[in-house]
Amino acid sequence: SRATLHNEDEIKRKDIRVGDWIVIEKAGEIIPRVVRIVDSSGKRNAPYKMPKNCPECQVKIFRSEGEVMWRCVNVACPAQLKERLKHFASRKAMDIDYLGPAVIEQLVESGRVKNFSDLYTLKKDEVASLERLADKSAQNLIDAIEKSKIAGLSRLLFGLGVRHVGQRAASILANTFRSFKTIREIPYEELEKVVEIGPVMAESLRSFLDQKTNIQDIEKLSVLGVLLEAHDANEKKAG
């Protein structure tokens, strides 16, 4: 039950189709692997085709060059939202205290938070109504969310969870381009020339930025007061 078929090339190579009986073995005596289909003289279904869009949010999926997996890069995808919010709130990202897994679970399950920007529209009374969250804790969370608005471009880029863009890369991008607006407009060819970025990271970032839903959520973050510039961008410009 834990064997996965995420590798499109392997599915085609072994000609695995919906409805087939298959042989599974433990690779290295641990990881379940689909070895082959069981020969059958019965009629088989048509060859499997990987979907072009995420089955959860319908956004076009993306596959990095040299990788086997197709991925949804929509930050608001419900299937990924809880884990994305945990990362967004983490210490090295936006550093939002009191936004733990239990709170995130309730906010997502209730439909109150559907993307990053929804966090910045939460009211104290709404938060206080959550299970096991007292009035003081609710205020602490609201204060922590407000404080995170000035975390800066580097932390925001890391918090967005763009594939391959870790803490170091986020810092390089922020220090190089100074604002999200500039990064958004930089073509792939220019991104890959940045020291320590390269083609794989540039392609992943460009794919993320080309998703309309991602841009809409980040623009809403800006409207709600979240800083989309490096901390000293204004001083740099003034100097």
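Readers should treat all values here as calculations from the given coordinates under stated rules, not as data from a laboratory. Only a predicted model underlies this, so the values are computations on that prediction, with no experimental measurement involved. FYI the Cβ positions are ideal-geometry reconstructions off the backbone, even for glycines, and counts take in every protein chain you see.
Structure data summary
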{"item": "Residue among Ile145, Ile186, Ile218 with the largest mean-square fluctuation in a Gaussian network model of the chain, springs linking Cα atoms under 10 Å", "result": "Ile186"}
{"item": "Label-point separation in nm, Asp39 to Lys114, each point 7 Å along Cα→Cβ", "result": "5.3"}
{"item": "Relative frequency of Cα-Cα separations exceeding 12 Å in segment 194-236, percent", "result": "69"}
{"item": "Helix-derived mean residue ellipticity, 222 nm - over the chain, DSSP H n ≥ 4, -39500 (n - 2.57), to 500", "result": "-12000 deg cm²/dmol"}
{"item": "Under 13 Å from the Cα of Lys43 - aspartates and glutamates, other chains or at least 8 residues apart", "result": "Asp20"}
{"item": "Kirkwood hydrodynamic radius (C-alpha pairs) into Stokes-Einstein, segment 122-188, 37 °C and 0.692 mPa s, D in µm²/s", "result": "235"}
{"item": "Given Lys114/Lys149; Lys60/Lys220; Lys49/Lys114, the pairs whose alpha carbons are separated by over 25 Å", "result": "Lys49/Lys114"}
{"item": "Extension gain (nm, one decimal) between Ala144 and Lys52, 0.36 nm per residue minus Cα-Cα", "result": "29.3 nm"}
{"item": "Among Gly159, Gly225, Gly66: highest mean-square fluctuation, GNM of the chain, C-alpha pairs under 10 Å", "result": "Gly66"}
{"item": "Cα pair distances exceeding 18 angstrom across segment 117-239, given as percent", "result": "57"}
{"item": "Length added when fully stretched, Val195-Asp15, from 0.36 nm per residue minus Cα-Cα", "result": "60.6 nm"}
{"item": "Identified option (computed semi-axes √(5λ) of the Cα gyration tensor in Å; candidates [x] 38, 25, 15; [y] 29, 22, 16; [z] 37, 25, 18)", "result": "[x]"}
